[in-house]
Amino acid sequence: MNLVVTVDSDNFEAKVSASFEACAFFMFIEDQNTKKISFVENIYKHSWSGADILCAQYIVTRGVNAVASGSFSTNALSILREAHIKVYRCPCIQIETAINSIAGHLVEPLDIGKI
């Protein structure tokens with residue numbers, strides 16, 4: 001599973017960001033077994049409007065299967081739903097805890113099919 005986690009600093013010690021569109025970085029995990037990780041700055045976080053939409057569209061272009069963040073706007077959820085990306089709400093916990101919870105099926109994806 002290719003996963004993106006929203007974080008507020010570009011290191012593995014960080015916590016999951018409280019907000020999808022206001023995060024400082026997107027942490028892309030290409031393979032949960034080898035943990036091939038890359039951090040990409042969220043260039044949309046200071047947008048005057050539509051940061052949630054811009055972030056969601058960017059995530060879709062990266063071809064991920066799942067995204068974890070503290071919270072999501074309705075607009076972002078709609079875009080992610082249309083792209084069949086699983087959404088996990090993991091507010092302000094350590095990145096490693098979030099990844100392990102998702103991989104171990106300890107947290108369920110949001111049911112965003114009813115938006």
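A few notes on this one:
- Number of the exception - N75 against (1) under 16 Å from E21 (Cα atoms); (2) crowded, with 16+ Cβ neighbours inside 10 Å; (3) within 12 Å of the chain's Cα centre (by Cα); (4) not hydrophobic (A, V, I, L, M, F, W, C): (3)
- Selection within the range 78-100 - in contact with a strand residue (DSSP E or B) (Cβ under 8 Å, 6 or more places away or on another chain) and within 20 Å of D8 (Cα to Cα): V87, Y88, R89, C90, P91, C92, I93, Q94, I95, A98, I99
- Residue check for S47: in contact with an Asp or Glu (Cβ under 9 Å, 6 or more places away or on another chain) and modelled with pLDDT under 95: yes
- Filter result for the condition that a residue is aliphatic (A, V, I, L, M), at pLDDT 95 or above, within 18 Å of M1 (Cβ to Cβ) and more than 11 Å from the chain's Cα centre (by Cα), over A83, A68: A83
- Restricting the range 7-44 to residues that are among the hydroxyl-bearing types (S, T, Y) and either more than 22 Å from R89 (Cβ to Cβ) or touching a Cys at 6+ places or on another chain (Cβ under 6 Å) (or both), the residue that is modelled with the lowest pLDDT: T34
- Whichever residue in the range 41-51 is under 19 Å from S9 (Cα atoms) and not polar (S, T, N, Q) and, among such residues, is surrounded by the most Cβ atoms within 10 Å (Cβ to Cβ): A51
- Residue within the range 38-57 that is within 20 Å of M1 (Cα to Cα) and in contact (Cβ under 8 Å) with a residue 40 or more places away in the chain present: no
- Meets criteria (hydroxyl-bearing (S, T, Y), assigned to a loop (DSSP other than H, G, I, E, B), out of contact with any Phe, Trp or Tyr (no Cβ under 9 Å at 6 or more places or on another chain) and at negative phi) for S49: yes
The values are calculated or read from the model by the stated rules, or taken from the named source; none is laboratory data. This is a predicted model, so every value here is computed, not measured. Glycine also receives a Cβ, built like all others from the backbone with ideal geometry; neighbour counts cover every protein chain displayed.
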